Amino acid sequence: MLEFICLLHHRRYIGAVIFDFDTPIPRRGTGNIKYDRRPELDPFWVADMDFASCPEILEALHRRVDHGIFGYAQAHDGLNDAILSYLDTRRRATVPLSHIVHLGGLVPALSLAARAFCHADEAVMTCTPVYPPFIGVHHDAHCELITVDHSFEDNTWTFDWESMEKAVTPKTRIFILCNPQNPIGRVFTREELIQLAEFCERHDLILISDEIHCDLILDPEAEHVSGINLPERFQNRIITLMAPSKTWNIAGLGYAFAIIPDDSVRRRFCAARGHTLSEINALSYYAAEAAYRHGEPWRQELLAYLKGNRDTLVEFIRSRCPGLSIEPGQATYLAWIKGSSLGNPAQHFEKTAGLFLSDGAFFQWPGWFRFNFGCPRARMLEGLEKIAAHL
Ligand SMILES: Cc1ncc(COP(=O)(O)O)c(C=O)c1O
């Protein structure tokens, strides 16, 4: 035991030296949407971080680039092994390779699910506020959208079961879940997820579980329960979606994967691809393998740093920003902040402080905004000071 603790401390010590999250890396003019879409603004919006990815991922990419040939790619054995081993050790689920579907991103998977399971007079259902594509992919399927607000009880965001029962219709076909939830940062409990799976069973819905943020749990007591961890009887209606992209900051490489245990659900999902998706990026496969195989020490350091950022941000908003309110999220590097006294707070801070924030209206919750704290702490504090100065 002592040896184990010493090892942990040693690794933390080494980690603190090796992994530098404080030194800013200039990003303007590198062709990224966060900084270059509105170059006149100071960006804290889209969900990518201002940190270089972990060294093992960079090395894997260099090695693959050095090969020099970038023909059409497919997932290599090393990636498949790394994913199955990650699911086994970190998500505690034994998954056969045949259940895995490789994808060039997670949003295309949401669109595929809507197109695969919903006809024109049918509906997609989800709870808001939520990541905007959840309330957009029904357009791809030319079908309806049903939304129900999450409720806020005893300082916790949860599901409004009564309103969900009232809103669901016989034509509803899929429910899209975001867990951990973007933007509210909740990690739903096993009880809540079983209740949701029962809701889906009762109304014969396919449950699409977007778990892109599942490796970014900041509070160790908030255990992430994946769709693949739910009881066997629900597995014929669950599609679980994961990716290394948010955690290891490689979203621009484009890679995600689905776990679909039921053969006919998997066939329908894959058939919806038609000719709409290109082959997956050859480099992304190698980055994903390195993330799952070697990215754990970096991830641990990242989580400690992000937790520090979150706590500093919450304290700042509560002590320095009258009129704004926040409940600390349990996961992600995204803070969900209420500012309805300012009308549209994102627009207000854009005009007065030159900040680029995510407007709550895009998450179907006007009066709120999302602040991305996946950046060096000093930079985060500069952004927060601008907010405090323009209240
Ligand atoms: C919940 C959620 N799903 C999906 C995505 C994007 O996934 P991808 O870039 O793989 O399409 C994001 C990005 O912020 C997200 O927060």
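Coordinate-derived values only; no laboratory data. Being a predicted model, the structure only gives us computed values, none of them experimental. FYI the Cβ positions are ideal-geometry reconstructions off the backbone, even for glycines, and counts take in every protein chain you see.
Key figures for this structure:
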{"quantity": "Virtual spin-label span in nm between S163 and H203, 7 Å along Cα→Cβ", "calculated": "1.3 nm"}
{"quantity": "Gyration tensor verdict on segment 220-302 (Cα atoms; rounded if a/c is under 1.5, prolate if a/b is larger than b/c, oblate otherwise)", "calculated": "oblate"}
{"quantity": "S245, S319 arranged by Cβ crowding within 10 Å, fewest neighbours leading", "calculated": "S319, S245"}
{"quantity": "Bridge type composition, the chain - antiparallel percent by DSSP, nearest 5", "calculated": "50 percent"}
{"quantity": "Projected area averaged over orientations for the chain, convex hull of C-alpha atoms, nm²", "calculated": "20.4 nm²"}
{"quantity": "Cross-link partners of K166 among aspartates and glutamates (Cα-Cα below 13 Å; sequence separation of 8 or more within a chain)", "calculated": "D149"}
{"quantity": "Label point distance in nm, E232-T30, each placed 7 Å from Cα along Cα→Cβ", "calculated": "4.8 nm"}
{"quantity": "Pairwise Cα inverse-distance average, inverted: Kirkwood Rh of segment 70-294 (Å)", "calculated": "17.8 Å"}
{"quantity": "Rg(Cα)/(2.2 N^0.38 Å) for segment 253-391, N = residue count", "calculated": "1.37"}
{"quantity": "Antiparallel content of DSSP bridges confined to segment 70-294, in %, to 5", "calculated": "35 percent"}
{"quantity": "Helix-only [θ]222 nm of the chain, DSSP H runs n ≥ 4, -39500 (n - 2.57) each, per residue, nearest 500", "calculated": "-12000 deg cm²/dmol"}
{"quantity": "Mean-position separation - Cα centroids, segment 23-67 and segment 330-391, in angstrom", "calculated": "21 Å"}
{"quantity": "Given charges at beta-carbon only (K, R positive; D, E negative), |dipole| of the chain in Debye", "calculated": "620 debye"}
